[in-house]
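**Student:** One structure follows; several queries about it will come next.
The values are calculated or read from the model by the stated rules, or taken from the named source; none is laboratory data. The structure displayed is predicted, hence computed values, not measured ones. We place every Cβ from the backbone using ideal geometry, glycine too, and count neighbours over all the protein chains shown.
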Amino acid sequence: MEIFRTKSVEQSIRDTEEPEHQLKKRLSAVDLTVFGIGVIVGTGIFVLTGQVARDTAGPAVALSFVVAGVVCALAALCYAEFASTIPVAGSAYTFSFATLGEFPAWIIGWDLMLEMALAGAVVAVGWSGYFTSLLNTVGVHLPTLTVFGLEVNYPAMAIVALLTVILVLGIKLSSRVNLVIVIIKVAVILLVIVAGLFYVTAQNYTPFIPAPKSSPAVQGLGAPLIQVLFGITPVAYGVIGIFSAAAIVFFAFIGFDIVATAAEETVNPQRDLPRGIIGSLAICTFLYVAVSLVVVGMQPYSRLSVDAPLADAFRAVGQPWIAGLISIGAIAGLTTVVMILMLGQTRVLFAMCRDGLLPRVLSKVHPKYGTPARITVIVGFVTMVLAGLISLSALAELVNIGTLFAFVVVSVGVIILRRTRPDLHRAFRAPMVPLLPILSVLACFYLMLNLPVETWLRFFAWLIIGAVIYFLYSYRHSMVARFRSGAPR
C-alpha cells in the first residue's frame, strides 16, 4: 500500500545536503549530553518527587524512578543505534519513515508534536509559578493581566518568546546558554543531596513500601487502564503503586530522545549521539534517585508538599535559605527544559516539512543562522498561546503516553531495520537484538497501561485528527511519492 511507502536511509541523508534545507553541524558529544541533562532535569525532580511519594508510592518512589530509568534505558539503546545509523533530524519520525512507512511515520510525527508542544507549555507554566513565587519572596508582586475575561500568564509567554529568539539565532548559541543554566541547576541539586543528608531520619523510610489502600485519586476515568481491564481494585501504594508512580514520574525522564532530533547538527553523529543519549540518561537517573531518597528521608511521605516538596522539606527543618536556592535552581532547570522541548519540536516539524507532509516552504533554513527560523517562530507562538491562556494540568499525562508510544515504535523499528537492511553501517549497535527491543516494547506498553483511561481517550482522539490531516493533505504532497513518480521536487 502507498501509505506504507518507506524512505531509504540513503535518500534521508541526501536530503540533508540540499542548501536551502541544510542545518549547520556544530554540536559535540558534550553539547548533546548537556542538552539531554538540560531537558531531563526539570519539573520532575523539583515537583513530581513529592507528589508521587505522598499520593502513590510512599518512600519507594526511588524504586519508581529506577523502573522508569530502566524502561528509558532500553529505549535509549534503540534510539542510539538508529541515531548513529540515520543521523538526520526528526528522531522517531525519521526512524519510522525508514522502517514502517510514511503513514506510521506521520502518526509518530503527529504524536511527537503533541508531546513536545504540550510539554513545553506545561513546563513554561511551571516556570512562571516558580518565578512569580521568587519575586514575591523579595517583595515584588506582579499584577494580574486579564484580556477579554481571560487571565493571561504573561511571565510564561515572556520566557517562551525569549527562548524562541535564542533558538532562531543558532544551535551553538542555544547550547552555550543551556550549558550555563545546566551548571547552575546541577549545582543546586547536588547541594540538596549533600545538605539534605544531614537531616535524614531513618524512621521516615519505614515502611519503605506502604501497604496498598484504596484511593479516590485512582478511581473512575482517573484509574490506570490496567486496573480497569483486569478488574483490579484501584489502589495507591504497594507494588502496584510503585509501577503506577513510575508511569507518572516517566514525565521526568522525557527528553533524552530529543537529543536524537539534533542528529543532523552534530559534527560526528555516529560517535557522539550514542554518548549524548546514554550519558545524559545515566547522569539524570542517578540525580533523581538520590534526590528522592533524600526528600522522603527528611520528611514523612504523608506530609510532603505537592507544589514545592524540596523547598518545603528544607523549610520544615529550619533551612529556608536552601529553599530559596532551590527556587533559583528550579527556575534555571525549567528554563532549559522549555528551550530544548521547543528545539526538538522544531526539528521534528522541519523533517516533516522537508518531506512534504507539511508545507515544504517552512523547512527553509535561515541563510545567516542556519536554523529553521520559520518553524521556530511558529512553534514559539503556539507554545506562547498554550502557556499563556490555557489550563494544561489535565493534559500533562498526554505527554507521557505520546512519548511511550514513540519508544514502542522506535524499538520495533530497530528489529525491522536489522532484517531489511543488514548491510547498513551501524556505528553503535544495541545489544541483544531482538530481545532488548522486545523488552523495551513490553516495558513501555506496561507503563502505558498504568496511565488513566481518560488519557488514552484523549490520545486516540488526537491520533484520529492526525489521520484525517494526513489523508487530506500529506498523502498528496509527499516528496517520496513525487520522487518515485519522477515528478520534479
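**Student:** Report yes if I3 is touching a residue at least 60 places away in the same chain (Cβ under 8 Å), closer than 17 Å to V410 by Cβ and of a type in the set (V, I, T), otherwise no.
**Tutor:** No.
**Student:** Next question, about the same structure. Which fully enclosed helices (runs of 4 or more DSSP H) of region 1-59 have 3 or more residues being within 18 Å of G276 (Cα to Cα) and not charged (D, E, K, R)?
**Tutor:** Fully inside region 1-59 and qualifying: 29-40.
**Student:** Determine which member of the set G109, G90 is closer than 19 Å to Y470 by Cα, touching a Phe, Trp or Tyr at 6+ places or on another chain (Cβ under 9 Å) and not in a helix (DSSP H, G or I).
**Tutor:** G90
**Student:** Restricting to region 1-47, name every residue that is modelled with pLDDT of 85 or more, under 22 Å from L334 (Cα atoms) and among the hydroxyl-bearing types (S, T, Y).
**Tutor:** T33
**Student:** Which of (1) surrounded by 24 or more Cβ atoms within 10 Å (Cβ to Cβ); (2) more than 21 Å from L100 (Cβ to Cβ); (3) modelled with pLDDT of 90 or more; (4) not polar (S, T, N, Q) does E81 not meet, given it meets every other one?
**Tutor:** For E81, the exception is condition (2).
**Student:** With the requirement that a residue be over 17 Å from L389 (Cα atoms) and assigned to a helix (DSSP H, G or I), what does region 124-138 give you?
**Tutor:** Hits for region 124-138 are Y130, F131, S133, L134, L135, N136, T137.
**Student:** Restricting region 93-106 to residues that are of a type in the set (A, V, I, L, M) and assigned to a helix (DSSP H, G or I), which is farthest from L472 (Cα to Cα)?
**Tutor:** That would be A98.
**Student:** So if I check each of G356, G388, which one is on the phi > 0 side of the Ramachandran plot and surrounded by 20 or more Cβ atoms within 10 Å (Cβ to Cβ)? Before you say what the answer is, go through the steps one by one.
**Tutor:** Values: G388 fails: on the phi > 0 side of the Ramachandran plot.
Only one candidate qualifies: G356.
**Student:** State which residue is nearest to D312 (Cα to Cα) when the search covers only region 279-298 and only residues that are surrounded by 24 or more Cβ atoms within 10 Å (Cβ to Cβ) and not aliphatic (A, V, I, L, M).
**Tutor:** S292
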